[in-house]
Amino acid sequence: MSAPTRETAEVARPAPQSTELSDGFWEGVRAGRLVIQRCTACGLLRHYPQPMCPACRALGFDWAPVSGRGSIYSYTVAHRAFHPAWQAHVPYAIATIELDEGIRMVCDLPGTPPEQVVIGARVEVHFAELPGQGAMPRFRIATGAGETR
Amino acid sequence: MSARARAAIVGTGQTPFTRGTPHSTLELHLMAAVEALADAGLGPADVDGVMPNELAGTVAEDFILNLGIPELAFSSTIRTGGASFASAIQSAALAIEGGIARTVLLVAGRRGYSAQRVSRTSEGAIAPHPVMRHVDEFERPFGNTVAVQWFAHAARRHMHEFGTTSEDFGRIAVACRKHANRNPRALMFEKPMSLEQHQASPLIADPLRLLDCSLESDGATAIVMTSLERARDLRKTPITLLGYGEGHGRPPTSITHKRDMTRIEGLEIAARRAFDRADLRPDDIDCAQIYDGFTWVVLASLEAVGFCQHGEGGAFVRDGRIELGGALPINTSGGLLSEGHCSGANLFSEAVRQLRREVEPSRQVADCEKVLVTAEGDFHEGAAVILGAER
């Protein structure tokens, strides 16, 4: 995965408040790696991070690298900003992405042509430094990949 | 009459719905409470249970202090967002049936226009809550900041899987508006709206348009409940709680992470429990008051309750069935979409008035004996209550 690149944006975006449950996720992001919380007892991947495995009730977890590839499960196009950081970007798409490992993530896709934001479109992760947020995982339409469904 | 019905609604009160009010949220609550108690023929000294509403931020102490409640025995606040009020009805029934409280006051609503406008919400405008912690960390920083955007994801996926259209959402908005046009209390009383106007309204979060969204409004609604036995001695027709239930989907902390976001799983569970408890079926319902924060929520709720199959909500609303005069009139006051957003509590006051035959004749559902009230809150949590009249 590539080193962070900088996106231009004028207004600070709300910074995610990391917790002891999610520090590993954000440390991975700062290192340019997408990692997901994994139960050390049964191996279940879980996102968003939580203290107990709902499958085996173990508390232990580590951080598993994932592909960063997936497809758009659903999306909306925001025509109105409800936070000043997105005011200059409307209309912008917000996608729910299902990674190939079955994990869902949410990411805004400012600047992506609307016709490319469709359910089933293949996407891939990259990382960027964003105003007010620091290093963030970002998704973009995968190059050369067709739709899966 | 279900053999299980032991609690009843005996009073309802409402402030007007307005856009702009000189009153605080607490004042609105107190005015609605006083009116509801008068409607029941009771006074503050009769109240020994209070259910403040999460979304309003009031607490039981406010009601003790201002109403002069002498001996409060029970208080609880449910925290499932828009489903909180309907779930509180269940909890109040349990307190009454269990002998913990005799008369319970429930109040909801807020200064949704004058103070807590959802459309003006940015970071910090709504108090942080543990149920929001995942969205706060992993969705809001990615631009998925407000409810209309979360529900738009579900609506879009529903359209993708089932061919549901924006016009289907529009027919729900139009039905609610037609009903509001017959309801002088409604904010949209004198404002007709056509499907064409719905389709021409601006997109807020595609596919949801401005006219798919409920109203930002000021106002409060109060409900008074007591035992059915005692209700028979009070002035109004007792409105019995035939069945109730609540349900929680998984995960209960984000819509985007639902395995199937096109279902309101919490309401599926809640409605099944309510119908089982009442020993009734969807066919037995004469009219339904469906929580309508957004039009898509109504469509998915009709499916969740079992009025139609999952995925068939679009077809279900296409032929006027949900309008007054149709087979299943819904939201006969105009609902949150066109009467006012009172955190779902106004759906209960409307159900009570329909069963008492107190509404304007032009919107009275004929032979109305069984009314279903549903709620959806937070991330597809649900609650359902079935009401009947003991005549």
(request) Run the quick spin-label model on A:VAL11 and B:PHE189: label points 7 Å from Cα toward the beta carbon, then report their separation in nm to one decimal. (result) 3.7 nm
(request) Would you tell me the mean number of C-beta atoms belonging to other protein chains that fall within 10 Å of each C-beta in B:129-135, as a whole number? (result) 2
(message) Taking the beta-carbon count within 10 Å as an exposure proxy, list B:LEU203, B:LEU208, A:LEU21, B:LEU336 from fewest neighbours to most.
(response) A:LEU21, B:LEU203, B:LEU208, B:LEU336
(message) Using each residue's phi in the range B:66-72, evaluate 6.51 cos²θ - 1.76 cosθ + 1.60 at θ = phi - 60° and report the 3J(HN,Hα) Karplus result to the nearest Hz, with x for Gly and Pro.
(response) 8, 7, x, 6, x, 9, 6
(message) Assuming 0.36 nm per residue, please report the length gained on full extension of the stretch B:ALA38 to B:GLU229 beyond their Cα-Cα distance.
(response) 66.9 nm
(request) For each of B:ASP206, A:ASP108, count neighbouring Cβ atoms within 10 Å of the residue's Cβ, then give the residues from fewest to most. (result) B:ASP206, A:ASP108
(request) Using only the alpha-carbon atoms of the protein assembly as shown, report the extent along each of the three principal axes, biggest first, to the nearest angstrom. (result) 75, 49, 45
(message) Taking θ = phi - 60°, what integer Hz values does the Karplus form 6.51 cos²θ - 1.76 cosθ + 1.60 yield along the range B:342-347, in sequence order, with x for Gly and Pro?
(response) 10, 6, x, 5, 5, 5
(request) Please work out the C-alpha center-to-center distance from the range B:122-195 to the range B:214-293 and express it in whole Å. (result) 19 Å
(request) Work out the mean other chain Cβ neighbour count within 10 Å for the residues of B:250-258 and drop it here as an integer. (result) 4
(request) Give me a single rounded figure for A:79-88: the average over its residues of other chain Cβ atoms within 10 Å of their Cβ. (result) 6
(message) Quick check on the range B:56-104: take the gyration tensor over C-alpha atoms, sort the square-rooted eigenvalues as a ≥ b ≥ c, and tell me if it's rounded (a/c under 1.5), prolate or oblate.
(response) oblate
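Over the range B:284-378, what number does the Rg to Rh ratio reach, with both radii from the alpha-carbon atoms and Rh per Kirkwood?
Numbers: Rg = 12.3 Å, Rh = 13.2 Å.
Checking Rg against Rh, the ratio lands at 0.93.
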(message) Which of rounded, prolate or oblate describes the range A:17-65 when judged by the alpha-carbon gyration tensor and an a/c cut-off of 1.5?
(response) prolate
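Based only on Cα atoms, what Rg/Rh ratio does the range A:67-149 have, Rh being taken as Kirkwood's radius?
0.96
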(request) Can you pull the one-decimal nm distance between simple spin-label points at B:SER24 and B:GLU312, each 7 Å off the Cα toward Cβ? (result) 5.1 nm
(request) Could you tell me the largest-minus-smallest coordinate of the C-alpha atoms of chain B on each of the three principal axes, in descending order and whole angstroms? (result) 53, 45, 40
(request) Work out from phi, with θ = phi - 60° and the Karplus expression 6.51 cos²θ - 1.76 cosθ + 1.60, the ³J(HN,Hα) of each residue of the range A:133-141, listed in order in whole Hz, and give x for Gly and Pro. (result) 10, x, 5, 9, x, 10, 10, 9, 4
(request) Between beta-carbons, use under 12 Å as the cut-off and find the net charge around B:ALA155, counting Lys and Arg +1, Asp and Glu -1. (result) -1
(request) Please list the non-local residues whose amide H lies under 5 Å from the amide H of A:GLN133, H modeled 1.01 Å from N, same-chain partners needing a gap of 5 or more. (result) A:ARG13
(request) Please give the contour-minus-distance gain from B:LEU65 to B:ASP284: 0.36 nm per residue of separation, less the Cα-Cα distance, rounded to one decimal in nm. (result) 74.6 nm
(request) State the Cα centre-to-centre distance between the range B:320-391 and the range B:72-117 in whole Å. (result) 18 Å
(message) Go through the cysteines of chain A and tell me which have no other cysteine Cβ under 4.7 Å away.
(response) A:CYS107
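Each reported figure results from applying straightforward, stated rules to the coordinates on display, with no laboratory input. Note that the structure is predicted; figures quoted are calculated from it, not measured. Ideal geometry is used to build each Cβ from the backbone, glycine not excepted, and the neighbour counts take in all protein chains shown.
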